[in-house]
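Nothing in this text is a laboratory measurement; each read-out follows from the coordinates by a stated rule. For clarity, every value in this text was computed on a predicted model and none was experimentally measured. Heads up, the Cβs are rebuilt from the backbone with ideal geometry, glycines too, and the neighbour counts pull from every protein chain shown.
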Amino acid sequence: MKMKNFSFFFIFAISFFPLLCFSFNEEAPTDRRVLVLLDDYSLKSSHSIFFNSLKSRGFNLDFKLADDPTLALKRYGQFLYDALILFSPSTDRFGGSLDSAAVLDFVDSGHDLILAADASASDLIKNIATECGVDFDEDSSAMVIDHKSYAISGTGGDHTLIASDDFIQSDVILGKNKIEAPVLFKGIAHSVNAASSLVLKVLSASPSAYSASPKSKLSSPPLLTGSAISLVSVVQARNNARIMITGSLDLFSNRLFRTAVQKAGSPNKHEKSGNEQFVTEISKWVFHERGHLKALNLGHQKVGEAEEPAMYRIKDDLKFSVEIYEWSGKSWEPYVADDVQVQFYMMSPYVLKTLSTNGKGLYHASFKVPDVYGVFQFKIDYQRLGYTSLSLSKQIPVRPFRHNEYERFITTAFPYYGASFTTMAGFFIFGIVYLYNNSLPQDISYLEARLGLDWLYRIILI
Amino acid sequence: MSSTMTSDLLKPFKLKTKQQELLIRVSILCLVYILAFITRLFSVLRYESMIHEFDPYFNYRTTLYLTQNGFYDFWNWFDSESWYPLGRIIGGTLYPGLMVTAALIYRLLHFLRFAVHIREVCVLTAPFFASNTTLVAYFFGKEIWDTGAGLVAAILIAVCPGYISRSVAGSYDNEGVAIFALLFTFYLFVKAVNTGSLAWGLASAFGYFYMVSAWGGYVFIINLIPLYVLVLLITGRYSMRLYVAYNSMYILGMLLAMQIRFVGFQHVQSGEHMAAMGVFFLMQVFYFLDWVKYMLSDTKLFQAFLRITVTCAVAVGAIALGVGTVSGYISPWTGRFYSLLDPTYAKDHIPIIASVSEHQPTAWSSFMFDFHILLFLFPAGLYFCFKRLSDATIFIVMYGLTSMYFAGVMVRLILVATPAVCLISAIAVSATVKNLTVLLRSKNKVVQTGSTKGTSSGKASSKGSLDQSQPFQKNGAMALLFGAFYLLSKYATHCTWVTSEAYSSPSIVLAARGAHGNRVIFDDYREAYFWLRQNTPQDAKIMSWWDYGYQITAMGNRTVIVDNNTWNNTHIATVGRAMSSYEDEAYEIMRSLDVDYVLVVFGGVTGYSSDDINKFLWMVRIGGGVFPVIKEPDYLVNGEYRVDKGAAPKMLNCLMYKLSYYRFGELVTEYGKPPGYDRARGVEIGNKDIKLEHLEEAFTTSNWIVRIYKVKPPNNRW
């Protein structure tokens, strides 16, 4: 009896096994297994609020030193983690099999990355950032300095602790609740590579900021100044992997989370900095708890038919539909928007139509196939700030009319029909009159002799 | 004693002379028929029963479609696998004659319970029609001269290399059936002119219809026949026979030709067909004048009437043509037609026509190669034709002269000239041999006191000269006869040699002599196409130069951007531009065309000279013709095309160069030469360190002849 119970339990466990392995997948895009690489374990306590908030949201954090010789992201072709947090700015070399190429391969396979540097950032870390489209300041001693929007504090005199509230305007990335308090930042500057179209500045420096070494005097004008400096940037790669890059590891620290903040020149004093809210919200975005869309069931039918055809004809009426859902962190909710468009595309869009939605995730439109044949595509190219980009296409050839699909009789051609039939009748009558009327001149031998029409006469006479 | 025994035995089988002659004639024709077929089978024996070259693959693919899906689907076939993303309406842009013919033969064989594969039918269609052509040549020769000339014509055309080049087994192209149709139409028309019978005129109209359905070369017929009629009118050979033959053939032929979708209304709307229509109206004017002359007895009155009518007719015709052209109803001549009349036209204006090797002007050596002794028998035949002028000989003279001119303009048109050359040469051979034998025989007759029966003409001609004949006449005739047979036997050996050496290569499988004299086979093309078929996604799009388009769709079953049906110059120019741009610019173009794979042909390892690097300047020219950013001088150094260290920088970094020579610098191709030695051009390449950014090598065949690259997706993080 006991044995039976056990086996029942075993089968029960096996059947739920897929649910038990928390891993990133299409059905539940939120990350589960996170590898945190640290320079030393003291960060674990000094940044515990951030880590605990992640744990409380269900993440499984695996802390390791950056030079741990057993480090590996991948085993037997399978990734061991869904996301990577690099809190190891000063590491020159990772331990184990990890190197910058492995990190980038991790991202290119659709996994997420949070990278924080500080004044001691190594070339390795800077390289990874550069590969993601973000350039840290070349000068290794430089920090972001702002003499106008620094945070007033008891001690600091060099204005490297900056209070910034120049956020990106996006509810998707930063959450619905407005971040009231400025975010405290102490670290190095980076700029966004102009060639990269995917990087977003989430937190920018004020126009008066610049990047220079606080310890030495300025000998030449700083290379990075003003709002070209980004404090926190995010990248959403083409495969929807999300990356967050910042030049300040302190941004995540318990100390700055708790510090009261007053921005220079501002009368408002906040009990608590905006860091905790900012970091929490942005990590939700990075780990796909928010802003993740999926589109499925791209379908099209001829109006009045249920089957999806393999080919359309020009001027056919068709119905197009697609379902779009948004991941809420726990379940797929219908995504509702009025700006989703479908293109009927062959080298350029021939039809561009806004889809209407039923509020339950289904989007649909109906239109007429243009009067052009060729190989078309139904294309959905939906890119909205913060959301995963949806680009789907489905190829469909459009053929011209078949020879028997044209109108058989056209009104305007009636004169021609009339002409041909009267010619036929005329020829017939002429033939009879010509052959059987004796009153005609008998001189037809002139024609007959030369025309060689005897066989024709014979046929007619039969 | 024994001889009388045998003659007694054979008595019941003894035939009259006429029957004997018939028996010999029929058996010669049968042998020629078989000879014409088997001499074209070299390629099947050497390689295998396969389709050759480029265009035949398209024909094969369409025939396959026709047999599988039926005629109506074929007629309305919209092919989404070629010319991506434009597609091609196959049914409306091809000459269906060849496919329909092959499909009918296939159906017939299956009806007779021969379970052959359609490929075998396609491979053997051209030899079969070549055999039929020999029969037509016989009848044609008989019509214009006599049965002897007909037989010689049949033999000559059966083995003539100019015709074999396009009709070996496996060369499943339009020309294979079109030459048959062309000659048949001409024969029927000449027959109609000679007899003045409507029935023959009707038959030639149907022959013309078959020709129109089979090949674009029908334009030659619809221009040659009016020209011929015009010449007859001018030389005062107008007759009722001509009137009947031409009018019935033209009107019915035109109506029938309109049924071919690809031709459509061209007979009434395009400049190339206007000559035929003009001559048609001229005929009516002539007929009318003839009638008026018949009715009027007053010559003076008629002269005045003639003047007015002719002036009016010409004026009305000119105005109609002018209005039609200006209003756009009549389309002007196409570039191809212009380039026939003016050989330099294509070179200056239409690089896409000039780039095809078979559109180049003919070298005299290829005349020699394709015609051999016919080349000097041809003028002799013309001499005989002029000596015995008739409507029929005028026709063959005109056919011969015009087609010889066209053969000089374009290599491929040697094919059109071949039947005419064979027929005219046959007249020369037949007439000469006949004269000589008559000479020999008449001598004998004097000795044998006239017991043998010579032909009546021989008697008449020889009687006068016989008495004053020189003593060596017989020997001279004998020597000349032997000379003629020597020449003809040389011709036969030459033809067989050319057929086996030059014209029986499928060009999809290459053969070369190895170091020890053994035959080495390079089957790289098929290797590459089967790789594509088995390793790429079903909807992958392949970009290559247009030469390989038909083969990729037929053998690789993948979508191509451009193919050998060069209907859209801009699309081809886009591909040419991509090939001659730097990699990142080319990447943008390839992305916009959704290209997944790029295929290039490279002969640097094997020494195969017709590869893409040697064709590259045409890509530059065609691309530059539409996109002026591509300039030919950028790829040349002092007007010289090179790929070694001294090459132009743009040349060394363009996509085609990179794809052809990627990793080639590591390879030693020939003993004693540095790595990266290009054997096709005999130089060491100039850029050995090639890095690809947006493409990656996907497949290279065993002899590097075909290289396939995959287009990478855009950078993930940028």
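At a glance:
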item: C-alpha center-to-center spacing [segment B:415-430, segment A:219-260] in angstrom; result: 87
item: Global form of segment A:319-434, assessed from the alpha-carbon gyration tensor, a/c cut-off 1.5; result: prolate
item: Convex hull volume per residue for segment B:117-275, taking Cα atoms only, in Å³; result: 120
item: Anchor A:Lys178: lysines whose Cα lies under 18 Å away (excluding residues fewer than 8 positions away in-chain); result: A:Lys201, A:Lys263, A:Lys269, A:Lys272, A:Lys284
item: For the protein assembly as shown, size of Cβ-based charge dipole, Lys and Arg +1, Asp and Glu -1, in debye; result: 4360
item: Volume of the Cα convex hull of segment B:185-235, divided per residue and given in Å³; result: 60
item: Shape of segment B:77-149, Cα gyration tensor, a/c cut at 1.5; result: oblate
item: Sum of side-chain charges, A:Ile179 neighbourhood, beta-carbon under 12 Å (Lys, Arg +1; Asp, Glu -1); result: -3
item: Taking N as its residue count, the alpha carbon Rg of chain A over 2.2 N^0.38 Å; result: 1.63
item: B:Glu53, B:Glu120, B:Glu588 arranged by Cβ crowding within 10 Å, fewest neighbours leading; result: B:Glu588, B:Glu120, B:Glu53
item: Between helix B:240-257 and chain B: long-axis angle, C-alpha atoms, 0 to 90°, nearest 10; result: 20
item: Dipole of the protein assembly as shown, positive end: most advanced residue of B:Ser609, B:Pro379, A:Ser88 [Cβ charges, Cα centre]; result: B:Pro379
item: Value of D in µm² per second that Stokes-Einstein yields for segment B:247-382, Kirkwood Rh from Cα pairs, at 37 °C (0.692 mPa s); result: 172
item: Equivalent-ellipsoid semi-axes of segment A:112-248, from the Cα gyration tensor, Å, largest first; result: 24, 19, 12
item: Mean ellipticity per residue at 222 nm, deg cm²/dmol - from DSSP H runs of n ≥ 4 across chain B, formula -39500 (n - 2.57); result: -19500 deg cm²/dmol
item: Global form of segment A:114-176, assessed from the alpha-carbon gyration tensor, a/c cut-off 1.5; result: oblate
item: Cβ-based exposure ranking for B:Cys385, B:Cys160, in which fewest neighbours within 10 Å come first; result: B:Cys385, B:Cys160
item: Two-decimal log10 I(q)/I(0) for segment A:191-243, as the Debye equation yields it once each C-alpha is a single scatterer, q = 0.19, 0.25, 0.27 Å⁻¹; result: -0.71, -0.96, -1.04
item: Solvent-free Debye scattering, log10 I(q)/I(0), computed from the Cα coordinates of segment A:379-443 at q = 0.17, 0.19, 0.24 Å⁻¹; result: -0.84, -0.90, -1.04
item: Unit charges on C-beta of K, R, D, E only; dipole of chain A, Debye; result: 960
item: Local electrostatic count, B:Ala169, Cβ distance below 10 Å [Lys/Arg +1, Asp/Glu -1]; result: 0
item: Set of aspartates and glutamates near B:Lys387 by C-alpha distance (under 18 Å), chain-local residues within fewer than 8 positions excluded; result: B:Glu143, B:Asp146
item: Helix axis angle, A:275-286 relative to chain A longest principal axis, alpha carbon, degrees; result: 30
item: Square roots of 5 times each gyration tensor eigenvalue, C-alpha, segment B:568-711, largest first, Å; result: 24, 18, 13
item: At 1.567 mPa s and 4 °C, Stokes diffusion of segment A:33-287 via Kirkwood alpha-carbon radius, µm² per second; result: 71
item: Set of lysines near A:Lys74 by C-alpha distance (under 23 Å), chain-local residues within fewer than 8 positions excluded; result: A:Lys55, A:Lys64, A:Lys126
item: Signed unit charges on C-beta, dipole axis of the protein assembly as shown, positive-most listed residue B:Ser331, B:Ser165, B:Ala154; result: B:Ala154
item: Cα pair distances of the protein assembly as shown binned at 10 Å [whole percent]; result: 2, 7, 12, 15, 15, 13, 10, 8, 6, 5, 3, 2, 1, 0, 0
item: Cα convex hull of segment A:280-381, projected area averaged across orientations, nm²; result: 7.7
item: Zero-based 10 Å bins, Cα pair distances in segment B:326-452, whole percents; result: 12, 30, 24, 18, 9, 4, 3, 1
item: Rule-of-thumb Rg ratio for segment B:18-429 [Cα; 2.2 N^0.38 Å; N residues]; result: 1.04
item: Hydrodynamic radius (Kirkwood) for chain B, which is based on Cα pairs only, to one decimal in Å; result: 28.9
item: Between segment B:568-596 and segment B:138-207, the Cα center-to-center distance that results, in Å; result: 46
item: Residue-by-residue Karplus 3J(HN,Hα) for segment B:641-646, coefficients 6.51, -1.76, 1.60, Hz, glycine and proline x; result: 9, 9, 10, 8, 4, x
item: Bins of 10 Å, starting at 0 and running to the largest distance - Cα pair percent for segment A:35-88; result: 23, 53, 22, 2
item: Dipole of segment B:21-143, positive direction: furthest Cα of B:Tyr65, B:Pro127, B:Phe111, with charges on the beta-carbon; result: B:Phe111
item: Nonlocal amide H pairs with A:Leu231, under 5 Å, H built at 1.01 Å; result: A:Leu203, A:Ser204, A:Ala205
item: Likely footprinting exposure, B:Lys541, B:Lys191, A:Lys176, fewest C-beta neighbours within 10 Å first; result: A:Lys176, B:Lys191, B:Lys541
item: Karplus (6.51, -1.76, 1.60) ³J(HN,Hα), θ = phi - 60°, over segment A:158-163, in Hz, Gly and Pro reported as x; result: 9, 6, 9, 8, 9, 9
